[in-house]
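Notes for the one structure printed next.
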Amino acid sequence: MAELGAARAVDAVKTYGTGDAAVHALAGVTISFPSERFTAIMGQSGSGKSTLMQCVAGLDRLTSGQAFIGDTDITGLSKTDLTLLRRDRLGFIFQQYNLIPTLSAKENIVLPLTLAGEHADAAWFDEVVATVGMGKRLDNLPSQLSGGQQQRVAIARALVPKPDIVFADEPTGALDSRTGMEILTFMRRAVDESGQTIVMVTHDPHAASYADNVLLLADGQIIDEMPQPTADRVLDRMEKFEA
Ligand code: ADP
Ligand code: MG
């Protein structure tokens, strides 16, 4: 039997607007994101990367087709059920951190668990916090942290609850290259050592080279896949398709 994957999309179509103004952000995408793997989604600006991630992660709804988290078809879920599924099973890392300004770093990291009425596994919390290098800044407010430090908090917040899947949209886009590399290395380790599943949108070939597989999107369709990518091969391939 084919591997169903941690998440998948089947004939996914997302159209914004109608008539002459219609934009086909997803033009029929069928894809599976395998469990315990790191998948990167690449493509030029406007190719549909964020739309694909948001529709598979239940942050937005498809115009037609289906999206699954594990065995659950999320296409027909009510808003409440979708919110609960996201809370219990998914983690998110966005480019603009989305931290709560009045909560400390530590309070931000455990917020998803607090909201679910649960407690963090102390050993895992310590390990994640140590790896993102935030152990000494846990009592600081976001405004007292640099952009890179805020992104580390956002990454810890996504990983501490051990979600089935972490979705990340340009997680290193706003970071200096050294911090970006540390964050990518940590995401890679979370997959290799803890069996985390990660789906990451990026336009950076170097960031994509940390993934197990790269999907290349153009005009709302998957036009290529690159297993075991290197930054050079990703760059070559993107240039070829842009030509
Ligand atoms: P990417 O993340 O690859 O840059 P997006 O998924 O954000 O691309 O966008 C894909 C296409 O859909 C683009 O043409 C974009 O302008 C359009 N689009 C995205 N969101 C909306 C929206 N809320 N309303 C109208 N058009 C949108
Ligand atoms: Mg985007």
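Side notes on the structure shown:
- Close amide-amide hydrogen proximity is noted between Ile41 and Met200, Val201, Thr202, Leu215, each under 5 Å apart and 5 or more residues distant or on a separate chain (H modeled in the peptide plane; Pro and chain starts excluded).
- Net charge over other residues, Cβ less than 14 angstrom from the Cβ of Asp164 (K, R count +1; D, E count -1): +3
- Report summary: the helix-based calculation at 222 nm, which adds -39500 (n - 2.57) for every DSSP H run with n ≥ 4 and divides by the residues of the chain, gives -11000 deg cm²/dmol.
- With a Cα cut-off of under 19 Å and a minimum spacing of 8 residues unless on different chains, the lysine pairs in the chain number 5.
- Largest to smallest accessible area among His24, His206, His119 [probe 1.4 Å]: His119, His24, His206
- Dipole magnitude for the chain: about 500 debye, using +1 per Lys or Arg Cβ and -1 per Asp or Glu Cβ, origin at the Cα centre.
- Surface listing: Leu90, Leu4 arranged by accessible area from highest to lowest gives Leu4, Leu90, probe 1.4 Å.
- Label-zone membership for the stretch 200-218, site Thr230, 7 angstrom Cα→C-beta point, backbone N under 13 Å: 209
- The H on the amide N of Thr197, modeled in the peptide plane, is under 5 Å from the matching H of Glu36, Val166, each at least 5 residues off or on a different chain.
- Total formal charge among the other residues, if their Cβ is under 11 angstrom from that of Lys106, Lys/Arg +1 and Asp/Glu -1: 0
- Overall, the accessible surface of the chain at a probe of 1.4 angstrom is composed of carbon and sulfur to the extent of 50 percent.
- Local electrostatic count, Asp60, Cβ distance below 15 Å [Lys/Arg +1, Asp/Glu -1]: +4
- As a length-normalised measure over Cα pairs under 8 Å and 6 or more apart, the relative contact order of the stretch 113-194 settles at 30 percent.
- Among 173-182, 211-220, sorting by the average number of other beta carbon atoms lying within 10 angstrom of each residue, highest first, gives 211-220, 173-182.
- Dipole of the chain, positive end: most advanced residue of Ala156, Ile222, Ile183 [Cβ charges, Cα centre]: Ala156
- Accessible area per residue for the chain is 48 Å², calculated with a 1.4 Å probe on protein heavy atoms, without ligands, DNA or RNA.
- Asp232 - accessible surface, heavy atoms, 1.4 Å probe, Å² rounded to 10: 110
- Built amide H within the under 5 Å cut-off of Ile223, gap 5+: Leu216, Leu217, Ala218
The values are calculated or read from the model by the stated rules, or taken from the named source; none is laboratory data. Since the model is a prediction, treat every value here as computed from it, not as a measurement. Note: ideal-geometry Cβ built from the backbone for every residue, glycine included; neighbour counts use all protein chains shown. For the accessible areas, the whole protein counts, side chains as well, though only heavy atoms, and no ligand, DNA or RNA atoms are used. Shrake-Rupley method; radii C 1.70, N 1.55, O 1.52, S 1.80 Å.
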